[in-house]
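The structure appears right after this line, and notes come after that.
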Amino acid sequence: MNYYNILGIQNTSSQEQIKIAFRNLAKMHHPDKNPQSVQFRIISEAYRILSNPQLRARYDQSQQQYEKQLQIYKLIRNFINGNGEIPLIHSKDLESNQNESKTLDIQEIQKKKIRKTQN
């Protein structure tokens, strides 16, 4: 359940945009106005989390972890099922992996130079 999707906003939305989206949805789905709607609790929960900066930061972090775990799950499932489809790796992840490997290569070269000068 993605709280941003529930409120119909982007994850970069401001507090004011969150409040406006909540109020619009609350008017439509409030039990006094629309007794058939069961979505008011879900909308209220989404607003409660996203309107609090600390809870929002924790929610965003957990969503990122969930997306990474889902990507790994899909990769393993495709491997087991024999599908050739590999989920795309985010460019940020790819860049950080390349930077880490470059740093390790540089460190190895420096270690070799130090060993040569010591001998």
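Every number in this text was worked out from the coordinates using simple rules, so none of it is lab data. Just so we're clear, the structure is a prediction, and the values are computed from it rather than from any experiment. Reconstructed Cβ throughout: ideal geometry from the backbone, glycine too, with neighbour counts over all protein chains shown.
Which values of log₁₀ I(q)/I(0), to two decimal places, follow from the Debye formula for segment 3-89 at q = 0.16, 0.19, 0.25 Å⁻¹ with a uniform point scatterer at every Cα?
At q = 0.16, 0.19, 0.25 Å⁻¹ the computed log10 ratios are -0.72, -0.83, -1.13.
Taking the Cα centre of segment 3-89 as the origin, how large is its charge dipole in debye, to the nearest 20, when only Lys and Arg (+1) and Asp and Glu (-1) carry charge on their Cβ atoms? Display every interim value, and only then the final one.
On the way: 11 positive and 6 negative charges, 39 e Å.
It works out to roughly 180 debye.
Report the gain in length on full extension from Gln54 to Gln17: 0.36 nm times residue separation, minus Cα-Cα distance, nm rounded to one decimal. Can you show the working numbers first?
Details: separation 37, 0.36 × 37 = 13.32 nm, distance 1.73 nm.
Length gained between Gln54 and Gln17: 11.6 nm.
Residues of segment 11-35 with amide nitrogen under 14 Å from the 7 Å Cα-to-Cβ point of Arg41?
From segment 11-35, the list is 31.
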